[in-house]
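Read through the structure below, which is laid out as structure tokens, and then see the notes.
Every read-out reported here was derived from the displayed coordinates using simple, explicitly stated rules and does not represent laboratory data. These numbers come from a predicted model, not from an experiment. Because the Cβ atoms are built from the backbone with ideal geometry, glycine has one as well, and the counts that use them run over all protein chains shown.
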Ligand code: TMP
């Protein structure tokens, strides 16, 4: 007897990104995301692996997507199938990545000559054009509308959802002694509806320990700070508690 909870058969791989592979299933609405241990930075100019990163990011994304769904955010998450695979709704990805920042860090510190660690007076939402040849440039929402990457209504929904995600994650992480510095989200269309996609994990967020400000995210890999695996494991431990 087949039931809806049976895992679908994995068919052909139709996309391989830097951190994940996507496989088709017999159901055109569902895909399987396979989480790799490969780590890249600076648009893959730096390459390496982080042991068990795929397992940690899969599990952490499950926990965050479940939390967000409970809080009324619609996501592509269906269920985690095993250590490295997640069943997701198929999305037509909006080629504008959404970054929310609470504290100045990373490219914002560099671009605007600000000290890393400065708390922003309000969260800032930014959009980046998803393009490897162009190194994901910062764009205005008007660019996305003008070039047909998203409609004005979609961008409004994306912005509102991104800020809602920020609120939910800030509160959840604060209780676990973690500061949410910034993060990147991807959205896509599923039967015309905008859903939150991709993953939410130390690759796509900056997490700082509240007491020590120790970095518990991929900046340890990007900046050769050491204890990369330890930071990923520590973050999972906090999120699981
Ligand atoms: P940034 O400061 O380098 O622009 O990064 C902002 C946030 O986006 C940070 O939490 C890391 C995340 N991010 C990704 O998920 N993918 C990327 O390719 C980059 C550059 C950043």
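Here the convex hull built on the C-alpha positions of the chain has a volume of 138 cubic angstrom per residue. In terms of the mean number of neighbouring beta-carbon atoms within 10 Å, the peptides 185-193, 44-52 order highest first as 185-193, 44-52.
Direction-averaged projected area, Cα convex hull, segment 149-241: 6.9 nm², rounded to one decimal. Using just the helices of the chain, give the 222 nm mean residue ellipticity in deg cm²/dmol: DSSP H runs with n ≥ 4 each add -39,500 (n - 2.57), and the total is spread over all residues, rounded to 500. Rounded to the nearest 500, the figure is -9000 deg cm²/dmol. Going by neighbour counts of Cβ atoms within 10 Å, the residues 115, 199 line up, fewest first, as 115, 199. Based on C-alpha pairs under 8 angstrom that are at least 6 apart in sequence, segment 79-226 has a relative contact order of 23 percent.
Using the count of nearby Cβ atoms within 10 Å as a rough guide to exposure, how do 110, 74, 215 rank from fewest to most?
The most exposed by this proxy come first: 110, 74, 215.
Take each of the peptides 9-18, 216-225, average the number of other beta-carbon atoms within 10 Å over its residues, and list them starting from the highest.
Averaged packing, sorted descending, gives the order 216-225, 9-18.
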